[in-house]
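Asker: This structure is in structure tokens; I'll ask about it shortly.
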Amino acid sequence: MTKPAPEPDWTFQMRDGMPSSSRWTYLDHAAVAPLPSISALAMRSWVDDLAENGATGWDAWRDRVESLRGLAAGLLTASVDEVAVIRNTTEGVCLVAEGYPWRRGDNVVVPGSEFPSNLFAWKHLESRGVEVRVVPTSLDHVSLDDLGSACDHNTRIVALSWIGYRTGFRIDLAAAADLAHQHGAWLFVDAIQGLGAFPLDVAALGIDALAADGHKWMLGPEGAGLFYLRSEHLDTLRPIGLGWNSVRHAGDFDNTSLDLKPSAARYEGGTYNMPGIAALEASLGWLTMFGIDAIQRRILQTTDDLCRRLASIGATLASDRRPEHASGIVSFDIPGRDARTIRRACRDKNVVINCRDGRLRASPHAYTQLADLDRLIDALA
């Protein structure tokens, strides 16, 4: 019998690689994460290379794009041909919203609790005769029954977040995909609040398209992200933002034939954010070393510990902590106290949390220690 892999030493292997930990109790990965040392070094090395050598190292930079694509495919359990390297989640949402072959009378179904980027792009389609059905939710606790009731034979896409940014509600993606497919629709997933913290198998779950920026749980910088499109949909989705890098002969500027790449890389129309890609590639390689399954276990254990500590000081939890819905986000109130005032007081004590919907939001990562949770409780008190 194969022995399970030993649990990583989170203190010496991971925490020591997060330089922010020397000053901050950083519990805000659902907003913008600090960079690991290995990723900051990768970004600085690219800057130094450009300053000292110009673009003579461009081929090596380009190899790093493909390394990132491979790491992303592994993270998603997808083919490398199904992954595009993009700038941010919004770009990925718009690739689907603007590229889908809509017809007047079609509709898209989206929960009302979505982050604006996964709402505005769909609402923008109303001028083209597409109905946008916004499903009311309680906080971000999305009901599959309510989503199903909003779908009909004209539904083309169900668009939702894997994990809600307000309280961290984690939806059953397999059930959501099945619901969409029963109506002949695609499932589009905004995965930014889960990718890097929880394992994901896009093929097994039936996800049709997905986007995620790297600056949260993947511990990358802003401006570098991932887009996934199921291979069977490649020719359905009309590419937007076409450029020299969209074609098979990218780099042969004398050849002006429009021969698109036979992969999701056709959506990478122009120049890459090379320093961001260098850092995100380093971050994903580092996270993969620890194992996403182990990271998930650690994050859920830490957030469970946090919830117990919050309950001990009379905090009111808004997050759904049932195992199938729990995530790395914990949303809570301190009765009788203003959330923004508390957030500022915590920051003054080098404890970083955030506010959403008038509540406090803490989002620890795998390198967070119990002592960090104690510092948060002390700051709240």
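Asker: Using the basic label-point model (7 angstrom from Cα toward the beta carbon), what is the A175 to V32 distance in nanometres?
Answerer: For A175 paired with V32, the spin-label model returns 3.6 nm.
Asker: Now for a separate question. If we sort 353-365, 294-306 on the protection proxy, mean other Cβ atoms within 10 Å, highest first, what's the order?
Answerer: So the peptides 353-365, 294-306, ranked by packing, come out 353-365, 294-306.
Asker: Sorted from largest down, give the three principal axis spans of the alpha carbons of segment 224-366, whole angstrom values.
Answerer: Answer, in whole Å and largest first: 68, 31, 29 Å.
Asker: Here is a follow-up. Rounded to the nearest 500, what is the chain's calculated 222 nm mean residue ellipticity when only DSSP H runs of at least 4 contribute -39500 (n - 2.57) each, over all residues?
Answerer: Details: 11 runs with 134 residues, N = 381.
About -11000 deg cm²/dmol.
Asker: With all pairs of different alpha carbon atoms counted, what Kirkwood hydrodynamic radius in Å does segment 1-84 show?
Answerer: On the way: mean 1/r = 0.0620 Å⁻¹.
Every distinct Cα pair counted, the radius reaches 16.1 Å.
Asker: Additional query: Mind checking the full-extension length gain between V47 and R23? Use 0.36 nm per residue of separation minus the Cα-Cα distance, one decimal, nm.
Answerer: 6.1 nm
Asker: Just to verify a number: FRET efficiency for A60 and T288, C-beta to C-beta distance, R0 = 25 Å, to 0.05?
Answerer: 0.75
Asker: Just the number: Rg to Rh for segment 45-288, Cα atoms, Kirkwood Rh, two decimals.
Answerer: 0.98
Asker: I'd like to compare 197-209, 79-91: which one has the highest average count of other Cβ atoms within 10 Å, and what's the full order after that?
Answerer: Ranked by mean Cβ neighbours within 10 Å, highest first: 79-91, 197-209.
Asker: Where the centre of each part is set by its Cα atoms, how far does segment 203-263 sit from segment 129-166, in angstrom?
Answerer: What the calculation gives is 25 Å, centre to centre.
Asker: Which translational diffusion coefficient, to the nearest whole µm²/s, is obtained for segment 286-381 from the Stokes-Einstein equation, given a Kirkwood hydrodynamic radius over C-alpha pairs, 4 °C and 1.567 mPa s?
Answerer: 94 µm²/s
Bear in mind that the values in this text are calculations on the coordinates, not laboratory data. Predicted model, so just to flag it, every value in this text is computed and none were measured. Every residue, glycine among them, receives a Cβ derived from its backbone with ideal geometry; neighbour counts consider all protein chains shown.
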